[in-house]
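Since the structure comes first, as structure tokens, the remarks are kept for the end.
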Amino acid sequence: MTRKTGFVWHEIYMWHDTGTHAGVLPAGNPIQPGTHAENPETKRRFKNLLEVSGLYEQLTQIAPRPATDEEILRVHTPEYIERLKAESAFPRGGDGGMLTPFGPGSYEIAVLSAGGVIAAVDAVLDGKVDNAYALVRPPGHHAEPDMGMGFCLLANASIAGRHALDVRGLDRIAYVDWDVHHGNGTQKIFWEDPQALTISIHQDRNFPPDSGYVTDIGGGAGEGYNINVPLPAGSGVGSYEATFDRVVLPALRAFKPDLIFVPSGFDAGGHDPLGRMMMHGEGYRSLTNKLLGVAEELCDGRIVMSHEGGYNAPTVPFFGLAVMEALSGIKTEVEDPFMPLFSGMGGQELQPHQDQLINEAEKLLARL
Ligand code: 9RB
Ligand code: ZN
């Protein structure tokens, strides 16, 4: 079965300039200057592989539009937005928070990034497409109401989620964040909100530090509607599939969302410089197929993915292609040349200490 899959992209997303750095740190003696970890390369190559594979032309292009102040202010404080606007007009740009650097004009790009996810939501809810992937930049899942963080300026998927609830009138939305880092921003924004189930599967205490514990379950009316699955470093595809089968899918079935968001980072892939997991292209395909199955049961297949991290340039495009093939139901001729390398790594199967953590997360299902 093939589906109509939307794709959001704009070349100006690649003009968001994180500047001269050395990975995640500012460069300068004693660190030799180089590129910032979050640069255009993996995103450009993802889009390029879609084109070369022939899949790009079979997707429905969705043009991004800027998010409005009203849309952004549903999530962020006016003070933070005014500061971003002012710094974005500086000749050398500014910083969204601690170590979230941006160049001149980046605020306007971030506004188009958030608006890109909103456009994807509208296309799905209007039935123009069955599902959608927004390959936006800068990313969003670390951004909090009053500050940027971890390369994120605006909370793209949260802003789009509020739009879905407040303007489009949905009753419930769910987030399944498979980026290797904790989706702290999404967690914080919907902490007390029972209309949003926020699930994050991430590497235990990677980034942000001291964040993403399985014991953080939401507060007030939102208690029970935040689920963290902090998998141990070294987790492989078996661990991710078990997490989906035993935690994510049952949670979604209990919550019955009208729309599923996937903050989609590919930094849980083997070889990613900012993560220590072993996901691979077939793993991402399998997780996507699991979500498609449950989305078909619950919400007419409605899934909106928004791009987050993923920093290994050669591999990220193949993870992205596998996800796009699954979403659209169209298999291209392209074979992922990294598969033999990753599938043969030791410990891809679920390990006892990983199983133990998933058991802990499973206990949270009783609250839904
Ligand atoms: C620095 C620290 C990081 C480390 C990783 C990320 C990943 C983001 C991502 C962001 C910032 C700490 C530079 C802690 O991909 N999200 O999806 N920086 N971490 N202290 N310092 C000085
Ligand atoms: Zn990440």
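Rule-based calculations on the coordinates, nothing more; no lab input. The shown structure was predicted, so the numbers you read here are calculated from the model rather than taken from an experiment. We place every Cβ from the backbone using ideal geometry, glycine too, and count neighbours over all the protein chains shown.
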- Query: For a label point 7 angstrom out from the Cα of ASP146 toward its Cβ, which stretches of the range 190-216 have the backbone nitrogen within less than 18 Å?
  - Reply: 190-192
- Restricted to the range 102-228, the DSSP antiparallel beta bridge percent, nearest 5, is 20 percent
- Quick one: what does P(r) look like for the range 95-252 with 5 Å bins over all Cα pairs, in whole %? 2, 9, 17, 20, 21, 17, 10, 3, 0, 0
- Rounded to whole Hz and in sequence order, give me ³J(HN,Hα) for the range 310-325 from the Karplus expression 6.51 cos²θ - 1.76 cosθ + 1.60, θ = phi - 60°, writing x for Gly and Pro. x, 10, 8, 4, x, 8, 3, x, 6, 5, x, 4, 4, 5, 5, 5
- Expected 222 nm ellipticity per residue - DSSP helices of 4 or more, -39500 (n - 2.57), all of the chain, to 500: -10000 deg cm²/dmol
- Note on the structure: In whole percent, the Cα-Cα distances of the chain spread across 10 Å bins from 0 upward as 6, 27, 37, 25, 6, 0
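So between ILE330 and ASP166, what do we pick up on full extension, going 0.36 nm a residue minus the alpha carbon distance?
Separation in residues times 0.36 nm, less the Cα-Cα distance, equals 55.7 nm.
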- Message: For a bin width of 5 Å, list the pair-distance distribution of the range 189-288 built from all Cα-Cα distances, rounded to whole %.
- Response: 2, 12, 21, 25, 20, 13, 6, 1, 0
- Task: Would you please give the residues with an amide H less than 5 Å from that of GLY6, counting only those at least 5 places away or on a separate chain, with H modeled from the backbone geometry?
- Result: THR60, ASP130, ASN131, ALA132, TYR133
- Task: Pop a pseudo-label 7 angstrom from the Cα along the beta-carbon direction at both ARG367 and ASP69 and give the gap in nm to one decimal.
- Result: 3.8 nm
- Would you mind telling me which residue in VAL24, VAL111, VAL304 has the biggest mean-square fluctuation in a Gaussian network model of the chain, where springs connect alpha carbons within a distance under 10 angstrom? VAL24
- Report, ordered by chain and residue number, the aspartates and glutamates lying within cross-link reach of LYS4, taken as a straight Cα distance under 16 Å and ignoring same-chain residues fewer than 8 apart. GLU57, ASP122, ASP126, ASP130, GLU296, ASP300, GLU325
- Note on the structure: Residue separation between ASN29 and GLU349 times 0.36 nm, minus their alpha-carbon distance, gives in nm 110.9 nm
